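Here is the structure we will look at.
The values are calculated or read from the model by the stated rules, or taken from the named source; none is laboratory data. As the structure is a prediction and not an experimental result, all values here were calculated from the model. For neighbour counting, all protein chains shown are included, and Cβ atoms are generated from backbone atoms with ideal geometry for every residue, glycine included.
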Amino acid sequence: MSGPDEGIGGEAPQAIRKLQPGKLVIASHNPGKVREIRALLAPFGIEPVSAAELDLPEPEETGVTFIANAELKALQAADLSGLPALSDDSGLCVEALGNEPGIFSARWAGEAKDFAVAMQRIEDRLSALPPGTGRDAHFICALALAWPDGHVEWFEGRVDGTLVWPPRGDKGFGYDPMFVPLGHSETFGEMNPDTKHAMSHRAKAFAQLVDAIF
Ligand code: IMP
């Protein structure tokens, strides 16, 4: 896991920068993500402050990868706030749909951010495929940690599972009610949040971040 300056031009990789205790901007306007990231940061003496609390604008996600989008959100928040900033770009990749919605996961829910609509859209697309088509899917989470001087570190996690219909459970957020992680029978929407946090894509990316920067 590295910042963009690692190893470029044959130079020696740079050491991963450590995060000092203090304020950290959570560069997200998604209340579900902010809640999960706050819970994950709780043990580390960090004072999280959300982008919404600082009235930071929501940048346009122009990247073509999860990492690129995470990086642009973190860099903008660090630049505008003068504080280190952590962002999360994540999404659901449905294998039979060529990994859609992927980086467009939030956008499939439309202006109203209605995930019942987004889940129905996935189900409609899957139902139109030949009988027996697989329902495998995975969530990806890219975390980027940026400092006001432009340094960035990034980390990525993935959890595999399958999609059920109809959606089940009212915990979690986004596509959680239709996603059953491999080896489990409950959807992320039915699970106790601590159980989801022990196995999710975000938890896996976060575990790498914790190893590297604290
Ligand atoms: P973005 O990273 O802000 O572009 O949004 C990612 C979208 O992916 C979210 O709005 C959710 O719809 C979806 N997503 C990401 N992580 C999760 C998760 O843990 N559970 C359910 N949906 C998720």
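The requirement of being modelled with pLDDT of 95 or more, in contact with a strand residue (DSSP E or B) (Cβ under 8 Å, 6 or more places away or on another chain), of a type outside the set (Asp, Glu) and closer than 20 Å to ILE37 by Cβ is not satisfied by ALA203. From the list ILE46, ILE8, the one residue that fits, being surrounded by 18 or more Cβ atoms within 10 Å (Cβ to Cβ), at pLDDT below 95 and away from the ligand (no atom under 16 Å from the Cβ), is ILE46.
Conditions tested, residue by residue: (1) surrounded by fewer than 18 Cβ atoms within 10 Å (Cβ to Cβ); (2) within 8 Å of the ligand (Cβ to nearest atom); (3) under 16 Å from the mean Cα position of the chain (by Cα).
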site	(1), (2), (3)
ILE67	no, no, yes
GLU71	no, no, yes
LEU80	no, no, no
PRO84	no, no, no
GLY98	yes, no, no
SER105	no, yes, yes
